[in-house]
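Scroll down for the structure; my scribbles are underneath it.
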Amino acid sequence: MASGLPLRWRLIAPTLAALAGAPGAAAAQDSSLARFIHRTRLDNGLDVVTVENNTVPLATVLVAVRNGAFTQDSADQGMAHLYEHLLFRSYGGGRPDAFGIEVSHLNGRYNGATSEEVVYYHVAVPSRNVEQGIKLVARLVRDARFSNGDLKAERPVVLDELQRDESDPEEQLQRHVDRMLWGASWCRKDVRGDSTSLAGVTLDRLKQTYARYYLPNNSALIVTGDVSSDRVFEQARDAFRDWRPGPDPFVDHPVPPIAPRTTSTAVVVAADVRDVTIRVALQGPGVGTDIAATYAADALFDVLDDPASAFQHRLVDQGPFQSVWGHYLTLDHTGPIEIVGKTTSERAEEALTDLFDELESLETLQGITEEDLTIARKRREVSMALTLEGTSLLAPQLASWWSSAGLDYYLGYDARMAAQTVDDLRRFARAYIVGRPRVIGVLAPPETTEQVAAALRRGVAGAR
């Protein structure tokens with residue numbers, strides 16, 4: 001049951017239902033990809049992107065669509081994710097495992113994913129089967145045939161996913177924090193939806209989504225691995241030639257501005273956990289509104305998350321936290337900033353105080369030097385080298401980059417990141433963290449929640 005917290009503060013007891021959230025994805029990576037990437041655009045508007053890596057005779061074939069939570073209104077929450085499931089099931093208009101059977105004939109595997117600003121479908125196959133893989137995903141997205149029977153059968157599968165996530169207290173916490181962070185714009189960020197919103201999805205709404213967003217001029221084919229770019233371009237022209245373009249879906253259905261937070265708020269979730277998790281979320285920049293700040297955000301968290309940083313030294317090595325990390329998710333429409341820490345019940349109040357003292361003084365960048373930025377830059381170079389070696393993971397990353405920011409943003413990413421200065425980081429901290437409205441979420445054992453709630457009432461978190 002909920003305790004009596006004033007106005008903006010709520011305590012959620014273990015018996016209250018909570019919905020799972022999807023953890024946000026990692027911040028943008030170094031884009032030395034410019035040396036490896038090849039691109040073309042077909043006559044129907046389909047972007048085709050390749051990254052060649054002939055080390056291992058494997059390839060990933062992926063189709064990305066600019067769809068996802070950001071295209072949903074309040075009646076559609078979770079529909080993009082449900083659609084992703086249904087597309088596989090409806091393949092061929094026959095048995096529900098038809099797509100999987102065809103993938104197995106190619107000695108491959110397949111999957112799909114839905115996030116805030118992209119939906120993608122991919123197969124991983126031996127490189128000798130790339131052409132068949134391209135034809136397979138082309139048929140998948142080009143020839144969707146939904147039925148009420150498919151919808152009736154697949155909706156419980158998606159609901160089961162939600163229920164599994166609801167059993168994870170960390171997911172419950174993130175779900176609560178995210179809902180409060182986005183407020184009136186929650187429907188534009190809620191990837192999974194809930195039982196009520198999913199129950200309202202109809203066959204007609206699914207068909208409208210297909211007609212509006214599943215267009216070649218709103219999609220990309222991304223192929224990575226042991227391939228020839230010229231050959232892939234030729235195969236793509238053949239496989240997708242009958243996919244007809246349509247009107248830009250975002251002209252008649254523009255994404256409304258994200259509702260800004262004007263006050264800080266908090267939520268405390270009680271659960272049978274050993275440690276205390278503190279999650280702080282703020283609304284960050286978007287590529288479409290403050291592109292310079294998106295680079296500074298990544299650079300700042302590269303430095304703060306370094307185990308050798310002064311920030312980690314104060315909060316972890318000499319402070320009350322067992323661990324602290326933060327990140328910014330690059331999105332076109334307002335990306336989230338999150339700082340997450342683990343501590344003990346005994347030191348929870350101290351941890352809250354210390355963390356928010358750090359955040360409120362972050363613009364001073366105490367202990368951060370230009371040398372720290374140089375070290376972070378070298379770490380990014382290593383990270384990208386490893387990413388390029390794992391091309392099966394690279395294709396989904398490219399899909400997110402393509403949809404949210406455009407590939408040109410990332411092809412120039414390493415140069416922009418190399419140019420970041422301490423003053424750039426300071427401007428970002430001042431504009432998006434220090435004194436800004438935030439959501440504070442705490443997951444704690446039941447015997448600790450009243451103590452944490454009392455600390456929040458006293459304002460130890462510095463929320464405004």
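None of the figures in this text is laboratory data; all of them are computed from the coordinates on show. No experiment lies behind these values; they were computed from the predicted model shown. Here Cβ is always computed from backbone atoms with ideal geometry, including for glycine, and neighbour counts include all displayed protein chains.
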Relative to the compact-globule estimate 2.2 N^0.38 Å (N residues), the Cα gyration radius of region 155-296 stands at a ratio of 1.42
For the chain, the count of lysine pairs 8 or more apart or interchain whose alpha-carbon atoms are under 29 Å apart comes to 7
Test of understanding: extend the Cα→C-beta vector of Asp238 to 7 Å, then name every residue of region 121-155 with backbone N under 15 Å from that spot. 128-139
The chain: radius of gyration and largest Cα-Cα distance (Dmax), Å: 22.9, 66
Potential lengthening between Arg377 and Val157 on full extension [0.36 nm per residue; Cα-Cα distance subtracted]: 74.9 nm
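Provide Rg over Rh for region 285-366; use the alpha carbon set for both Rg and the Kirkwood Rh (inverse mean inverse pair distance). Could the numbers behind the result be given before it?
On the way: Rg = 13.8 Å, Rh = 13.5 Å.
Rg divided by Rh gives 1.02.
As an exercise, identify the trypsin sites (Lys or Arg not before Pro) in region 249-323 lying in DSSP coil whose Cβ has no more than 15 other Cβ atoms within 10 Å. Show your work: numbers first, answer last.
Details: sites: Arg261, Arg274, Arg279, Arg314; in loops: Arg261, Arg274.
The qualifying sites are Arg274.
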Expressed in angstrom and rounded, the centroid-to-centroid distance over alpha carbons for region 244-269 and region 157-173 is 24
Starting from the 7 Å offset along Cα-to-Cβ, what nm value, one decimal, do you get for the label separation of Val422 and Asp306? 1.2
Whole-number D in µm² s⁻¹ for region 36-252, Kirkwood Cα-pair radius fed into Stokes-Einstein, 25 °C, 0.890 mPa s: 135
Of Ala80, Leu215, Ser147, which is farthest towards the positive pole of the chain's charge dipole, taken about the Cα centre with +1 and -1 on the beta-carbons of Lys, Arg and Asp, Glu respectively? Ser147
How far, in degrees from 0 to 90, does helix 130-142 lean away from the longest principal axis of the Cα atoms of the chain, to the nearest 10? 80
For region 82-147 and region 302-329, compute the distance between their C-alpha centroids and round to whole Å. 41
Going by how many other Cβ atoms sit within 10 Å of their own, how do Val63, Val48 line up, fewest first? Val48, Val63
Nearest 10, in degrees from 0 to 90: the angle of helix 79-89 to the longest Cα principal axis of the chain is 40
Collect residues whose amide H, placed 1.01 Å from N in the peptide plane, falls under 5 Å from the amide H of Thr330; neighbours closer than 5 in sequence don't count. Ala28
In order through region 294-300: 3J(HN,Hα) via Karplus (6.51 cos²θ - 1.76 cosθ + 1.60), integer Hz, x for Gly, Pro: 5, 5, 4, 4, 4, 5, 4
Spin-label proximity, Ile291 to region 391-422 - amide N less than 20 Å from point 7 Å beyond Cα toward beta carbon: 398-421
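When a footprinting reagent is the concern and you count Cβ atoms within 10 Å, what order do Thr421, Thr343 take, fewest first?
Numbers: Thr421 12, Thr343 27.
The fewest-first ordering by Cβ neighbours comes to Thr421, Thr343.
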Counting only DSSP beta bridges with both residues in the chain, what percent are antiparallel, rounded to the nearest 5? 75
I'm checking a number: the convex hull volume of the Cα atoms of region 395-464, normalised per residue, in Å³. What is it? 160
Gain upon complete extension [Ala431, Ser127; 0.36 nm per residue less C-alpha separation]: 104.7 nm
Obtain the nm distance between the two label points defined at Asp230 and Ala454 by a simple spin-label model: each point lies 7 Å from its Cα along the Cα-to-C-beta direction. 7.5
Please give the helix 229-239 orientation as an angle from the longest Cα principal axis of the chain, in degrees from 0 to 90, rounded to the nearest 10. 70
